[in-house]
1. Counting only residues that are in contact with a helix residue (DSSP H, G or I) (Cβ under 7 Å, 6 or more places away or on another chain) and either within 16 Å of ALA97 (Cβ to Cβ) or among the β-branched types (Val, Ile, Thr) (or both), how many does segment 53-65 have?
2. Exactly one condition in (1) touching a residue at least 40 places away in the same chain (Cβ under 8 Å); (2) under 19 Å from LYS118 (Cβ atoms) is false for VAL7; which is it?
3. Please state which one of LEU40, LEU58, LEU35, LEU20 is within 13 Å of TYR76 (Cα to Cα) and surrounded by 13 or more Cβ atoms within 10 Å (Cβ to Cβ).
4. If you check LEU104 against the conditions, is it out of contact with any strand residue (DSSP E or B) (no Cβ under 9 Å at 6 or more places or on another chain), under 25 Å from GLU14 (Cβ atoms) and either without any contact (Cβ under 8 Å) to a residue 60 or more places away in the chain or of a type outside the set (Phe, Trp, Tyr) (or both)?
5. In this structure, is ILE29 among the hydrophobic types (A, V, I, L, M, F, W, C), crowded, with 19+ Cβ neighbours inside 10 Å, in contact (Cβ under 8 Å) with a residue 60 or more places away in the chain and outside any helix (DSSP H, G or I)?
6. Which one is nearest to the chain's Cα centre (by Cα), of the residues in segment 91-112 that are surrounded by 13 or more Cβ atoms within 10 Å (Cβ to Cβ) and of a type in the set (Val, Ile, Thr)?
7. Return a yes/no flag: does segment 63-85 have any residue that is over 28 Å from GLY122 (Cα atoms) and buried (at least 17 other Cβ atoms within 10 Å of the Cβ).
8. Only one of these conditions is not met by ASP116: (1) surrounded by fewer than 19 Cβ atoms within 10 Å (Cβ to Cβ); (2) farther than 13 Å from VAL10 by Cβ; (3) in contact with a helix residue (DSSP H, G or I) (Cβ under 6 Å, 6 or more places away or on another chain); (4) touching a residue at least 24 places away in the same chain (Cβ under 8 Å). Which number is it?
Amino acid sequence: MSRHAIVDTVRVDERAKTQLTTLKRRTGIKNWNVLCRWALCVSLAEASMPADQEVGTLSNVEMSWSTFGGQAADIYAAIVRARCEADGIPQTADALAKQFRLHLHRGISYLVGTEDTKTLSGLISLAIQP
């Protein structure tokens with residue numbers, strides 16, 4: 001694990017897997033990690049904290065932290081840490097991992113629940129909205 005990684009392995013629950021499959025079909029984006037990056041960023045951009053809820057039964061969708069983040073893995077870790085600090089979340093490994101998972105799952109739900117993600121161009125428009 002990178003010294004900056006939030007978790008060793010990124011995993012999503014069964015509900016999120018189904019939602020990611022829908023997003024893959026809608027957008028044509030084939031890689032889980034790309035969709036998960038979008039989801040994390042969408043949730044982190046939201047002013048509110050994600051609801052403190054248990055992640056459901058984990059699916060077989062998993063990737064290493066370095067696969068999730070790619071060349072920007074350390075940047076994603078820094079952004080999660082900064083958000084946790086801003087929200088008053090302790091900077092412990094467990095707290096950071098929990099907040100990462102909560103943001104990831106909330107972001108996936110947001111993406112699948114918006115009309116903007118019916119197409120790849122709609123997804124891209126989310127990133128360039130003022």
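The values are calculated or read from the model by the stated rules, or taken from the named source; none is laboratory data. Computed from a predicted model, the values in this text were never measured in an experiment. FYI the Cβ positions are ideal-geometry reconstructions off the backbone, even for glycines, and counts take in every protein chain you see.
1. 5
2. Here VAL7 meets the rest and fails (2).
3. On inspection, the qualifying residue turns out to be LEU40.
4. Spelling it out, it is not the case that LEU104 is out of contact with any strand residue (DSSP E or B) (no Cβ under 9 Å at 6 or more places or on another chain), under 25 Å from GLU14 (Cβ atoms) and either without any contact (Cβ under 8 Å) to a residue 60 or more places away in the chain or of a type outside the set (Phe, Trp, Tyr) (or both).
5. No.
6. Selected residue: ILE108.
7. yes
8. The single condition ASP116 does not satisfy is (4).
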